[in-house]
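Contents: one structure, followed by commentary.
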Amino acid sequence: MIPYENLLQSNKEFFKDYQRVFKETLDSGWYILGKQVTDFEGEYASYCGSEYCVGVANGLDALTICLRALNLSKGDEVIVPSNTYIATILAIVNNGLKPVLVEPNIATYNIEPTLIEEKITSRTKAIMVVHLYGKTCDMDPINELASRYKLSVIEDCAQAHGAKYKNTVVGNLGDFGAHSFYPTKNLGALADAGAITCNSADSMESFKALRNYGSSKKYYNDVVGLNSRLDEIQAAFLSVKLKRLDAITTHKRNLAEIYLKELNDNFIKPVTNEDHFDVYHIFNIRHNRRDELKAYLFDNGIGSEIHYPVTPNKQKAMKGILNDQATPIAQKIHQTTLSLPISYCHSEEDVYKVIEVLDKF
């Protein structure tokens, strides 16, 4: 069996260092917002080319805190892609804001810049872009629109650690970058974890307060905040893995190149562009008989996943919030997309086997 993911195997080479830093953290006696978090924040900011990084509990909280820091009014609108994962939408809704869906480009799966302006109203305050599957959005036209209409730009970088647009790393392509380190990510912790990157000292201080009950000074609370602090142990694990992130990315890009070259054209494959450095958190294909294809792969000993089976506006939780917004392009993507094995645990031999099976479908 070739599993879609095997986190044990993907993390095995880090175990010795994980054990070492776990002991260091345990022996330190400091378990909340200590040296490990501070060190990782500096290391990840440097990796991204950002001035600042603020560790938080998870990717959803990173998005939520980014929006909270803008001090928007209830009912203000945030533009967001119609095919994103539900977390992006939840961050907007949980702040009392209105998500306004914009359809993706059918080839890149990222928000289509040419469709954004028609959705801008007097209540629009921000654009939340999502670098889906590890490919950056087309940021120049998005930032031009944001500048013209005085909108904030928040990047959902959850699937795109180290991805680049015109040689700039994600997290630096807008005002704030929200990052998830969920275990399956290219830079994955061993539990939930997240971070925010920015280049403004004032924003950094705001994020630090918001993640810690709205407090900049212990027991003094200036704003309504959250309890969302990156765990010391997870920060230590992330520092270990960050040193190998480029190797992880190279490995996944090599596997993606095999898929792109060898998989036949009966399957719609990801597009590439010289302005985009893709990191392939997910390698997705599309096929009109997706469900049948997924079952066929399983019967032949190959795991796969669907990212994602239901569009946000069709989720039960979004009834009355998004259901009136039609999203035919997102619907087509969600009905046909399938994610293939491309983990750090997979070998080139695994990928050639997947291709051999797919080509017989």
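Helical content of the chain, expressed as a calculated mean residue ellipticity at 222 nm, amounts to -11000 deg cm²/dmol (DSSP H runs of 4 or more residues, -39,500 (n - 2.57) each, divided by residue number, nearest 500). A Förster radius of 51 Å combined with the Cβ-Cβ distance from residue 292 to residue 168 puts the calculated FRET efficiency at roughly 0.80.
Could you order the peptides 2-12, 186-196 from most to least packed, using the average number of other C-beta atoms within 10 Å per residue?
Per-residue mean Cβ counts within 10 Å order the peptides as 186-196, 2-12.
Centre-to-centre separation between the Cα atoms of region 289-350 and those of region 215-239: 34 Å.
Given their separation in residues at 0.36 nm each and the Cα-Cα distance between them, residue 114 and residue 7 gain 34.6 nm when the chain is fully extended.
With 22 Å as the limit, the listed pairs 98/316; 98/119; 35/243; 12/185; 98/125; 125/166 have 125/166 beyond it between alpha carbons.
Electrostatic bookkeeping for residue 217 treats Lys and Arg as +1 and Asp and Glu as -1; over the other residues with beta carbon under 14 Å from its beta carbon, the sum is 0. With contacts taken as Cα pairs under 8 Å at a separation of at least 6 residues, the chain carries a relative contact order of 23 percent.
Straight-distance candidates among the aspartates and glutamates for linking to residue 261, with alpha-carbon spacing under 20 Å and chain neighbours fewer than 8 residues away dropped: 274, 275, 278, 348, 349, 350, 356, 359.
Taking other Cβ atoms within 10 Å as a rough exposure proxy, 156, 265 sort from fewest to most as 265, 156.
A cut-off of 5 Å between modelled amide H atoms, ignoring neighbours fewer than 5 places along the same chain, links residue 268 with 286.
Place a +1 charge on the Cβ of each Lys and Arg in the chain and a -1 charge on the Cβ of each Asp and Glu, then give the dipole magnitude about the Cα centre in debye, rounded to the nearest 20.
Using Cβ point charges on Lys, Arg, Asp and Glu, the chain gives about 780 debye.
With r as the distance between the Cβ atoms of residue 347 and residue 26 and R0 = 35 Å, compute the FRET efficiency 1/(1 + (r/R0)^6) and round to 0.05. Using R0 = 35 Å, I get an efficiency of 0.50. Near residue 136: Cβ cut-off under 15 Å, other residues only, Lys/Arg at +1 and Asp/Glu at -1. The net charge is -4. Convex hull volume of the C-alpha atoms in the chain, normalised per residue: 133 Å³. Close amide H partners of residue 152, meaning residues 5 or more places away or on another chain with modelled amide H under 5 Å apart, are 126, 127. Segment residue 254..residue 226, full-extension length gain: 6.1 nm, with 0.36 nm per residue of separation and the alpha-carbon distance subtracted.
For trypsin sites (Lys or Arg not before Pro), the sites in region 304-361 that DSSP calls loop and that have at most 16 other Cβ atoms within 10 Å are 319, 360. Cross-link partners of residue 294 among lysines, defined as those whose alpha carbon lies under 20 angstrom from its own and excluding same-chain residues fewer than eight positions apart: 269, 332, 353, 360. For region 1-116, the fraction of alpha-carbon pairs lying more than 17 Å apart is 73 percent, rounded to a whole number. Summing +1 for each Lys or Arg and -1 for each Asp or Glu among the other residues whose beta-carbon sits under 14 angstrom from that of residue 10 gives +2. Remark: region 257-267, residue by residue, has Karplus-estimated 3J(HN,Hα) of 4, 5, 4, 5, 7, 9, 6, 6, 7, 6, 10 Hz, where x stands for each Gly or Pro and the curve is 6.51 cos²θ - 1.76 cosθ + 1.60 at θ = phi - 60°. Among beta bridges identified by DSSP and lying wholly in the chain, the antiparallel ones come to about 60 percent.
Values quoted throughout were computed directly from the atomic coordinates according to the rules given, and no laboratory measurement underlies them. Since the model is a prediction, treat every value here as computed from it, not as a measurement. Note that we place each Cβ from the backbone using ideal geometry, even for glycine, and neighbour counts take in every protein chain shown.
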